[in-house]
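Data block below; observations after.
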Amino acid sequence: MGRAGCCCRAAERLASPSPVRRFLPPLLLLLAVCCGAHLGECQVATPQCRIQKCTTDFVSLTSHLTPAVDAFHIEFCKALRAYSACTQRTAKSCRGNLVFHSAVLGISDLMSQRNCSRDGPTSSTHPEVHPEPCNYHSRTQHAHTHSHAHSHAHNHGHSHSRPGYLFCGLFGDPHLRTFKDSFQTCKVEGAWPLIDNDYLSVQVTNVPVVPGSSATATNKITIIFKPYEGCTDQRVYQAVTDNLPAAFDDGTVSSGDPIHTLAGEDGATVKVRALWISERTPGRHVELHAGYIGVTVIVRQLGRYLTLAVRIPEELAQAYDATQDLQLCLNGCPSGERIDQGGHLPLPLFPPALGLQLQQLRWPNYASQTQEYPYGAMQDFSVEGAKERCREKLEVRDIYFHSCVFDLLTTGDANFTVAAHSAQKDMESLHPHRDRWRIYPRDSATSALHSDSQPIKRLVLLLLCALSVAMM
């Protein structure tokens with residue numbers, strides 16, 4: 001069905017402009033051939049008859065063409081000749097096939113109407129594409145295409161999969177989402193490596209949040225993009241509380257030669273380099289793009305603390321040696337640093353209200369800050385109050401919601417609500433597998449957090465009882 005849709009869209013695009021309206025009948029004939037071959041509405045080609053392959057190649061060669069393009073006539077005729085040559089090669093095995101004969105008729109009509117000569121150059125169905133050495137996507141796509149063709153040529157029993165990506169995120173007190181989608185809440189006070197491989201190093205520094213609690217939060221992030229020959233020298237990015245720069249440590253905002261053109265939100269085009277920084281919100285939201293290794297990093301400041309989200313190709317994340325095995329994104333927090341208990345996140349029995357009052361005296365209320373809640377806006381939340389505040393930002397009751405409740409009860413800082421919401425949105429932006437987005441606690445976490453589900457459970461039980469009585 002997917003290919004048929006592609007064929008239909010391509011044929012419609014070729015048939016719709018006014019300059020080619022007079023070619024509509026043969027184009028519609030080819031459209032019927034294409035769609036019928038895929039949907040089974042016409043006679044199905046035998047395995048030896050390759051008319052379906054000929055039609056698919058023709059569509060791929062012409063789907064990008066429009067009559068407004070200067071070389072439309074030349075390229076369209078070349079594609080028709082290639083289509084015709086393909087039908088000739090498979091003519092013997094397609095004898096008596098209605099799809100085949102319909103295609104031959106459509107090709108002949110189109111060549112006559114476009115004044116295409118039978119002899120002349122033809123389009124290549126596999127044009128040589130030269131990869132951009134400082135564009136990870138281009139390199140891997142080229143490698144995938146060549147390895148895929150090689151495996152078919154040698155009749156290997158397996159196909160080469162496209163490169164996969166991994167996601168890691170850190171936010172709050174702090175909550176860590178590893179490459180394996182393990183969600184942990186850790187102490188990890190001081191400096192800890194999140195990622196450390198041959199291409200990238202990411203280190204965070206965490207400080208205690210409130211007296212009387214083992215919870216910490218991130219106030220410093222250091223990112224090192226290691227040198228990559230021909231693409232970039234080493235670049236270091238460092239963010240600390242109240243200093244989220246839009247440049248690397250050496251003052252540059254990019255590195256390497258331009259590798260491709262990117263359309264901006266205002267419609268303007270800019271040359272994108274191998275490594276570059278985009279400041280989305282001054283002092284609050286920065287994104288780092290390393291196109292040469294396929295890495296994207298999002299850094300935010302919310303309240304007094306920083307959050308981090310990273311997407312990286314799996315093959316690069318695995319490029320490390322035995323001396324680099326301490327990576328929180330890769331292996332999670334050491335067991336002695338875990339606050340959660342195997343996915344169960346216990347809530348503090350006595351929120352440190354006294355500590356909050358002391359912090360409230362120490363932390364000024366910065367009127368110039370742009371976050372929703374100022375630094376000094378500390379509150380003593382109850383469980384229900386924390387849940388209500390978290391519902392304002394988080395609709396899904398997944399682990400991000402539970403982390404939000406934990407953070408509010410632990411710190412009383414309403415900015416952690418915004419941090420959880422932003423972390424969830426960054427995850428949805430960077431995580432490559434939508435079916436893995438949602439993580440729910442392995443058990444009830446706390447009865448208080450799930451107390452609102454009890455009426456539903458009681459209603460279900462009553463309905464089951466009523467149904468069993470009715471069936472007796």
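The values are calculated or read from the model by the stated rules, or taken from the named source; none is laboratory data. Only a predicted model underlies this, so the values are computations on that prediction, with no experimental measurement involved. Heads up, the Cβs are rebuilt from the backbone with ideal geometry, glycines too, and the neighbour counts pull from every protein chain shown. Heavy atoms of the whole protein, side chains included, go into the accessibility calculation; ligands, DNA and RNA do not. Shrake-Rupley method; radii C 1.70, N 1.55, O 1.52, S 1.80 Å.
Determine whether THR323 is part of a strand (DSSP E or B) and either open to solvent by less than 50 Å² (accessible area, probe 1.4 Å) or among the polar types (S, T, N, Q) (or both). Working first, answer last.
Values: part of a strand (DSSP E or B): no; either open to solvent by less than 50 Å² (accessible area, probe 1.4 Å) or among the polar types (S, T, N, Q) (or both): yes.
So THR323 does not fit the description; no.
Any chance you could count how many residues in the range 225-246 are touching a Phe, Trp or Tyr at 6+ places or on another chain (Cβ under 8 Å) and of a type outside the set (D, E, K, R)?
Of the residues in the range 225-246, 9 are touching a Phe, Trp or Tyr at 6+ places or on another chain (Cβ under 8 Å) and of a type outside the set (D, E, K, R).
ASP250: assigned to a loop (DSSP other than H, G, I, E, B) and modelled with pLDDT of 95 or more, yes or no?
Numbers: assigned to a loop (DSSP other than H, G, I, E, B): yes; modelled with pLDDT of 95 or more: yes.
So ASP250 passes the test.
So which of GLN360, GLN371, GLN341, GLN324 is at pLDDT 60 or above and more than 20 Å from HIS175 (Cα to Cα)?
Working: GLN360 fails: at pLDDT 60 or above; GLN371 fails: at pLDDT 60 or above; GLN341 fails: more than 20 Å from HIS175 (Cα to Cα).
It is GLN324.
Say we look at the range 385-441 and pick out the residues that are open to solvent by 40 Å² or more (accessible area, probe 1.4 Å) and among the hydroxyl-bearing types (Ser, Thr, Tyr); which of these is farthest from VAL209 (Cα to Cα)?
SER429
I'd like to verify a number: residues in the range 208-245 that are assigned to a loop (DSSP other than H, G, I, E, B) and either of a type in the set (Ser, Thr, Tyr) or open to solvent by less than 30 Å² (accessible area, probe 1.4 Å) (or both), how many? If you could, list the steps in order and put the result at the bottom.
Restricting attention to the range 208-245, the residues satisfying the condition of being assigned to a loop (DSSP other than H, G, I, E, B) are 209-215, 226-227, 229-231, 233-234, 241-242, 244-245.
When the remaining residues are screened for being either of a type in the set (Ser, Thr, Tyr) or open to solvent by less than 30 Å² (accessible area, probe 1.4 Å) (or both), the result is 209-210, 213-215, 231, 241, 244.
Number satisfying all stated conditions: 8.
Filter the range 265-286 for residues that are over 14 Å from LEU306 (Cβ atoms), modelled with pLDDT of 95 or more and among the charged types (D, E, K, R) and give the result.
GLU279, ARG280
Only one residue in VAL59, VAL104 is part of a helix (DSSP H, G or I) and either open to solvent by less than 40 Å² (accessible area, probe 1.4 Å) or at pLDDT below 90 (or both), so which one is that?
Details: VAL104 fails: either open to solvent by less than 40 Å² (accessible area, probe 1.4 Å) or at pLDDT below 90 (or both).
Every option except VAL59 fails the conditions.
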